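Peer 1: What follows is a structure written as structure tokens; I'll ask about it next.
The values are calculated or read from the model by the stated rules, or taken from the named source; none is laboratory data. Note that the structure is a prediction, hence the values are computed from the model and not measured. As a convention, Cβ positions derive from the backbone with ideal geometry for all residues, glycine included, and neighbour counts pool all protein chains shown.
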Amino acid sequence: MWRWAVGVLCVLALGGCGERPGGLDGDLTDDWRPMAAATPFRPQAGTCHADLVQSTTVDSYAPMPCAEPHLAETVAVATVRKQSTALAFAACSTAAGAFLGGDWRTGWVVLQPVLPSKAAWAGGARWVRCDVAETSPVDGSLVHRTGSLKGSVRTGGRLRMGCANPTVEGDKVTEMHPVPCPKAHTAEFAGLFTTAKARSADLSGDEVARGCDRAIAAFTGLADDSTLPSRVGWLGFPPDDTAWQMGDRSIRCFLWLNGEKVTGSYHGAGPGKLKIHYGSR
């Protein structure tokens, strides 16, 4: 390559040192096609990754087959016109729900929008990579896995929240152990409620209680009235601070039977099955 470059310089500088072959006009550039405009890097859906990250560059992009052990799976790559975490989170929430077969917030999964770096955005990148990962219901840690999460949050899906045996210490849940609803359990996922609070610190226990009462009443077919606290308790799980800052404002609500073991689902159970028998919760 270096010798070829020297030869070109000789032709340019010493144009008169020899006659040109037929068909050449001496201009080395007028017949070249212009180079295509550079295309900004864009990641691909249907790939998996060793880590869950918040941003990426072409240099750090290292997709792997989902058959290999991984933490994160890219379920979609959406186009965004503004470098906004909130807009990216909203776009990825919709894409993740379609991929997982249900609202991702109703499953043992976490959603992570991955935005281009600031330099990549300045260079024209206008995408958000939508990654999901499995979480352990026991302690919330990320799960290394193989295979795809596609369809895993649909009704009856492996990662859809359902019945569980929580470990409750004081007013805190330290562990959640999912079990099939036909087996003995003390809690069952009832639904979500969304708060308008801008900061997680502004969410009060009373607001969680009211929101989860509404979700449980709708799930069980009970009236959301003053008798509800005497029929069934609740466990509420707000998102962590990182998810809150991204835009997740939904609290996961489980009906709780205060340690009483039951079998079967309480969906639509009504007052005949959930009788008044708790003095307090």
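Peer 1: Quick check on Gly156: is it touching a Phe, Trp or Tyr at 6+ places or on another chain (Cβ under 9 Å), without any contact (Cβ under 8 Å) to a residue 60 or more places away in the chain, outside any strand (DSSP E or B) and surrounded by fewer than 16 Cβ atoms within 10 Å (Cβ to Cβ)? Working first, answer last.
Peer 2: Numbers: touching a Phe, Trp or Tyr at 6+ places or on another chain (Cβ under 9 Å): no; without any contact (Cβ under 8 Å) to a residue 60 or more places away in the chain: yes; outside any strand (DSSP E or B): yes; surrounded by fewer than 16 Cβ atoms within 10 Å (Cβ to Cβ): yes.
In short, no.
Peer 1: Scan segment 59-81 and report the pairs whose first residue is touching a residue at least 40 places away in the same chain (Cβ under 8 Å) and whose second residue is aromatic (Phe, Trp, Tyr) and not in a loop (DSSP other than H, G, I, E, B), with Cβ atoms within less than 7 Å and a gap of 6+ or a chain change.
Peer 2: The qualifying pairs are Val75/Phe99; Ala76/Phe99; Val77/Trp127; Ala78/Trp127; Thr79/Trp127; Val80/Trp127.
Peer 1: If I filter segment 228-242 for residues that are at pLDDT 90 or above and aromatic (Phe, Trp, Tyr), do I get at least one hit? Give the derivation first.
Peer 2: From segment 228-242, those at pLDDT 90 or above are 228-239; that's our starting set.
Add one more test, that the residue is aromatic (Phe, Trp, Tyr), and what stays is 234, 237.
Yes - at least one qualifying residue is present in segment 228-242.
Peer 1: Looking only at segment 92-104, filter to residues that are surrounded by fewer than 22 Cβ atoms within 10 Å (Cβ to Cβ) and either in contact with a Phe, Trp or Tyr (Cβ under 8 Å, 6 or more places away or on another chain) or of a type in the set (Lys, Arg) (or both); which one of those is farthest from Gly156 (Cα to Cα)?
Peer 2: Ser93
Peer 1: Of the residues that sit in segment 223-272 and are without any contact (Cβ under 8 Å) to a residue 40 or more places away in the chain and over 28 Å from the mean Cα position of the chain (by Cα), which one is farthest from Asp206 (Cα to Cα)?
Peer 2: This residue is Gly272.
Peer 1: From the list Gly156, Gly140, Gly170, which one is modelled with pLDDT under 95 and under 19 Å from Tyr266 (Cα atoms)? It would help to see each step written out before you state the result.
Peer 2: Working: Gly140 fails: under 19 Å from Tyr266 (Cα atoms); Gly170 fails: under 19 Å from Tyr266 (Cα atoms).
Selected residue: Gly156, the only one of Gly156, Gly140, Gly170 that is modelled with pLDDT under 95 and under 19 Å from Tyr266 (Cα atoms).
Peer 1: Considering segment 213-265 alone, what residues qualify as being of a type in the set (S, T, N, Q) and over 22 Å from His185 (Cβ atoms)?
Peer 2: Here is the first cut: in segment 213-265, the residues of a type in the set (S, T, N, Q) are 220, 226-227, 230, 242, 245, 250, 258, 263, 265.
Scanning segment 213-265 gives Ser226, Thr227, Thr242, Gln245, Ser250.
So that you can scan it fast, the table gives a plain yes or no per residue for (1) out of contact with any strand residue (DSSP E or B) (no Cβ under 8 Å at 6 or more places or on another chain); (2) at negative phi; (3) surrounded by fewer than 18 Cβ atoms within 10 Å (Cβ to Cβ):
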{"residue": "Val110", "(1), (2), (3)": "no, yes, no"}
{"residue": "Ala119", "(1), (2), (3)": "yes, yes, yes"}
{"residue": "Cys130", "(1), (2), (3)": "no, yes, no"}
{"residue": "Val143", "(1), (2), (3)": "no, yes, yes"}
{"residue": "Asn165", "(1), (2), (3)": "no, yes, yes"}
{"residue": "Pro182", "(1), (2), (3)": "yes, yes, yes"}
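Peer 1: Do the conditions hold for Ala201, that is, is it without any contact (Cβ under 8 Å) to a residue 12 or more places away in the chain, closer than 29 Å to Ser84 by Cα, out of contact with any helix residue (DSSP H, G or I) (no Cβ under 6 Å at 6 or more places or on another chain) and not charged (D, E, K, R)? Step through it out loud before you land on a result.
Peer 2: Numbers: without any contact (Cβ under 8 Å) to a residue 12 or more places away in the chain: yes; closer than 29 Å to Ser84 by Cα: yes; out of contact with any helix residue (DSSP H, G or I) (no Cβ under 6 Å at 6 or more places or on another chain): yes; not charged (D, E, K, R): yes.
In short, yes.
Peer 1: Could you grab me the full set of residues in segment 63-110 that are closer than 18 Å to Gly191 by Cα, of a type outside the set (Gly, Ala, Ser) and assigned to a loop (DSSP other than H, G, I, E, B)?
Peer 2: Asp103, Trp108
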